[in-house]
Amino acid sequence: MAAPRRRTAQRWWRAPVLGRAPRRRAELALAVSAAVALALGTGAGAAVEALAAEPAGVAVPGSPVELGPVTITLPEELGPWSTTSPDAVRELRAGWTGPVELDGVWGRLAPGSVVVTVLTAEAGAHGGVEQFRASVPQDDAVDWTGGREHASGARVSGDDRELVLVTETEAGDLVVLSVSGPEDAFESGQLTQAFRTATVR
């Protein structure tokens with residue numbers, strides 16, 4: 001029963017995205033929305049879809065960058081990386097309808113439909129990792145090395161690979177890290193390594 005629901009959700013996103021954005025932006029949106037939806041539901045997919053559709057075009061180096069409470073090393077080989085529009089972030093937070101109250105959204109985009117996204121929810125506004133553990137497919141090969149309680153995993157949908165981490169900061173804020181892109185973006189292992197070794201403050 002779960003697989004048909006996912007296919008229906010993907011079709012639901014595809015129509016509006018392709019209708020209003022260039023193909024590359026639509027692909028970015030579709031690649032990341034499914035991954036984040038695993039952890040936070042379709043409301044998160046809608047938020048990241050809008051975020052990916054409004055790139056600001058500001059290049060960031062292929063080195064450690066801070067996305068809210070997350071520090072992650074973006075592989076230089078996949079760059080140049082760009083940030084997302086501050087206006088898009090503000091609109092996302094204003095229109096958020098997910099299962100927890102959204103506190104922060106950060107994103108980085110790279111050519112070839114590679115997207116790194118971080119979503120946060122304040123302590124007390126969520127049920128912790130256990131609220132979302134069942135939605136994250138377990139995969140020891142991509143298990144996060146951060147040490148604290150978490151759920152992390154990966155899935156392949158068509159030609160796209162999606163890695164998801166759900167954990168909490170030391171202050172108890174919920175953190176969702178999503179790394180999505182075509183399978184060939186993961187071939188060198190650098191993108192998976194970046195995901196596994198990301199740090200959460």
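The values are calculated or read from the model by the stated rules, or taken from the named source; none is laboratory data. Just so it is clear, the model here is predicted, and its values are computed rather than measured. Note that each Cβ is placed from the backbone with ideal geometry, even for glycine, and that neighbours are counted across all protein chains shown. Accessible surface is based on the protein model in full, side chains and every heavy atom, while ligands, DNA and RNA are left aside. Shrake-Rupley method; radii C 1.70, N 1.55, O 1.52, S 1.80 Å.
Before moving on, here are some points about what is shown:
- Theoretical FRET efficiency, 1/(1+(r/R0)^6), r = Cβ-Cβ of ALA94 and ALA141, R0 35 Å, to 0.05: 0.40
- Carbon/sulfur fraction of accessible area - the stretch 55-200, other protein chains in place, 1.4 Å, %: 46 percent
- A straight chain from GLN193 to VAL156 at 0.36 nm per residue would run longer than the Cα-Cα distance by 11.6 nm.
- Solvent-accessible surface of the stretch 55-200, taken per residue with a 1.4 Å probe and all protein chains present: 43 Å².
- Counted residue by residue at 0.36 nm each, then reduced by the alpha carbon distance between them, the extension gain from ARG148 to ALA123 reaches 7.4 nm.
- Label-point separation, ALA171 to THR71 (7 Å along Cα→Cβ), nm: 1.7 nm
- Taking 0.36 nm per residue of separation and subtracting the current Cα-Cα distance, fully stretching the chain between ALA134 and GLU183 would add 15.2 nm.
- Taken over the stretch 55-200, the alpha-carbon convex hull comes to 107 cubic angstrom per residue.
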